[in-house]
Structures are given as C-alpha cells and as structure tokens.
Amino acid sequence: MENPLFRPLELPSGVVLKNRIAKSAMSDSLGDGTGHPTKAQNWLYRRWAEGGVGVSIIGEVQAQPGYAQKPGNLVLDDNANLDRFRALARQGAAKGSNLWLQLGHAGALAFAPTSTPKGPSALDLPGLKCAALTDDEIHQIPAQFARTAKLAEHAGFGGVQIHAAHGFLLSQFLSPLFNKRCDDYGGSIANRMRLLLETIGAVRTEVGPGFVVAVKLNATDQLEGGLSEDDALAVVTALDQTKIDLIDISGGTYFPGAKAASDGAGGGPYFMNFAKRARKVTTKPLMLTGGFKTRAQAEEALNSGVIDIVGLARALVIEPALPDLWQRGDRHDPVFPRFDHAPAGGITAWYTMRLTALAGRVEMPEFDDLDQVLSAYEARDADRAQIWLRYFGA
C-alpha cells in the first residue's frame, strides 16, 4: 500500500506539496540581529529541504521591528535587503520542497529589551506587563502583514503562515486572558476573531492566487480563562469561508509560568481530538503540530482522514533527514533527550541551541546541564539585542 506520508497534496491555491511532512515553525533565532537571514540559517533550511520535507516554515518573521519575539527574528519590511531573503528562499526550496514564512507579531509578549510590549489590552501581571494597542495601531496591522506577504512573494518564497497561536498577537486577540476590550475587537468570539479575519483578507488580496496563505491556530490556550476549544472551533468554522490554503492546529500559550505543550511527556499527538472536531466543520486541508514522536503515529493520523499534513518540529531537530529515511523504509524513530532537571525555558533553549549546531554544521555537545544551555541561549539573545538596538534604534 502507498505510504500516506508520501502522497502529494494539492492545496486550494493549486500548489502541490510533494509529501505530507512539514517542518513546523520554530523560532530558530538565527537572524543576524538586523532582521536579515544568515548563511547558517540558509544552510539549515537547505538541510531540511534535502532531508525530504514537503514544506518548511520559518518561525516568527516580523512585519516591523517593534514587536519581535526575539532579536534573532527576521524582519521583512521595505527597509530589508531583499536579495538576502532571496538567497534563503532558494536554499529552502531544494529538492522540490516548499518554504513559507510565518508572519508574526509578538504583541504583549514582545522581547522587552528591544521593544515596548503592547497587546489587545493593558496588563500588569507578574512577568507580563504591556500597554494596549491604540485603535489606529490595530487598524494598521492587516496592511503590515499584507506588505510582508507581498515582499515574501517577491523574494521567491512559496507562501506565508499567519501566526494566530501560542499567545502571540493574533492569538492574544482570540484569548479572553489577553483581550479585555469592549469594542468591535473584544467580547464575543466573533469580535475577538475580527482582526485575524481582516488580516487574512488583506494578505490574500495582496498576493497572487498561486501563493499559499496558511493560518496557525490554537486548539486551546491550555490555560484557565483562555481560548476554549469551542471558541477555537468557531474560528475554524469562520476560516472555512476564507481563501486560505491550510489550517495548522497547535496549542498552548507562552504565558508567564505556563508549561509549553511541547514540553509535555504525552505519548502521541496533543490536539488530535480537536482536529477530529475541526474536520467536521471545514474542508480546508488540516495540519496538526505537536506530539508526533514516531512514524507510526504520523501514519495513523493521516490514515484516519482527519488531517492532511503532519507537522514535525523537534523530531526534525533531532534528525533533519527523517522524511528521506522514512521514505527509504527505515523504521527508526528519533530519540528524544530526557532531562532530570528542566528549568523554565531550558528545554526550548536546548532545542534552539541544537538548531544552532545544525546550522553551523557542528556536533551538538551532550549538554546534561540545562542551566548551562539556558545561560548560553540568554547570552546570545543579549548580544543580538545590542545589535538590534544599534540597527533599528531604541
């Protein structure tokens, strides 16, 4: 029987993905501090493309420098050197792979040393303080996303993914934890999804019909008082009426003190039950990200007919050539590290530094001490923040 992982998939825009394996968006923090790609980043995405993925998604590419999640993020605006982005687009499209940019805006979670965080509403909580976006600032956001999408198209990328998950800005508007507004952008889920729908409309209008527009959406914030599965399902129902190509289902929120979904020890895909509900209300292709640790899990999910694409992140950090290995009949699964002691942010730091090692074509040291890894990760952020401030201004 044909392996479901390696069936091509035609998206509504007409773009054909060569297989059903996606490298999900991760914040690789490999930008140079001025918002531009580096040779190491180019090599990393070429490595994933040569490893056989159908599509890779570059995490958190900013439409403007004021609300970046990290100082290693890319910034694609009218001041960017488009030739440097073109080089990245070429490298990441090797062997027939697609390369998309995830359009991000960190909002209330913007990196404080290089920005003044702002979200849907003003918040003053332990570990999270932000001002509220003005009406004018909110109204500018769809056009900013659309401009970056158009530049991405000019640079040769195959598409964009609008980031409305994990507690970043569009996710904040969806979440009652962040969104306390009483105007047309707050209150009911119909109002809370308004900015997301306006952004999708602006992006789709700006780019050509053969350019992919995807959306990443939380199934749940996994926090009491956050976006519920019922509200998320209402968003999926609305997305079904838009001209997007794909809905990438994930979950969890980078709220201070909250545990990341990806740090869980679950034995399978985290949000499959929500995907089953979503399948009933949309005909859009569904991608599921989070918790896939074995080939058998990926095949079972695709064979169920619930989802169309498997999103892998950490598995492809452990083994970048995993799709090619699986296609050749190799049944081995990635071996994930286990840590006895995991400080807050330590596991994310380990995988990010592993990406750095892959991009630098060096072996990853066997770090047993996550405190050491976290220290190196934070020191690099601090160095890049200084470059960012010098380049973009305070």
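The values are calculated or read from the model by the stated rules, or taken from the named source; none is laboratory data. What you see is a predicted model; the values in this text were computed from it and never measured. Cβ coordinates were reconstructed from backbone atoms using ideal geometry, including for glycine residues, and neighbour counts include every protein chain displayed. Just the protein is used for accessible areas: all its heavy atoms, side chains included, with ligands, DNA and RNA removed. Shrake-Rupley method; radii C 1.70, N 1.55, O 1.52, S 1.80 Å.
Structure above, values below:
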read-out	value
Share, in percent, of DSSP beta bridges within the chain that are antiparallel, nearest 5	10
Cross-link pairs beyond the 18 Å C-alpha cut-off, checked among 118/180; 150/243; 23/276; 18/95; 18/276; 216/243	23/276; 18/276
Paramagnetic label zone (point 7 Å from Cα along Cα-to-C-beta, residue 136; backbone N under 19 Å) in the stretch 107-122	116-122
Prolate/oblate/rounded label for the stretch 319-394 (Cα gyration tensor, a/c 1.5)	oblate
Förster radius 30 Å - calculated FRET efficiency between residue 188 and residue 77 (Cβ-Cβ, nearest 0.05)	0.35
Heavy-atom surface of the stretch 1-133, accessible at 1.4 Å and reported per residue (Å²)	33
Protection proxy ranking, peptides 294-307, 108-121, 67-80, average beta carbon neighbours within 10 Å, highest first	67-80, 108-121, 294-307
Among beta bridges that DSSP assigns inside the stretch 209-350, antiparallel share in %, nearest 5	0
FRET E, pair residue 341, residue 241, Förster distance 35 Å, beta-carbon r, rounded to 0.05	0.15
Among 305, 316, 326 - extreme Cα towards positive end, dipole of the stretch 292-336, charges at beta-carbon	316
Among 371-382, 280-291, the order from most to least packed when residues are scored by Cβ within 10 Å on average	280-291, 371-382
Radius of gyration and maximum dimension Dmax of the stretch 3-143, Cα, Å	17.2, 51
Cα-only Debye scattering, the chain: base-10 log of I(q)/I(0) at q = 0.06, 0.08, 0.12, 0.14 Å⁻¹	-0.20, -0.36, -0.89, -1.29
Antiparallel bridges, percent of DSSP beta bridges restricted to the stretch 1-114 (to nearest 5)	15
Cα pair count fraction exceeding 25 Å, expressed as % - the stretch 212-330	24
Length released on extending from residue 332 to residue 361, taking residue separation times 0.36 nm less the Cα-Cα span	8.2 nm
Charge context of residue 279, other residues only, Cβ under 12 angstrom, K/R +1, D/E -1	+2
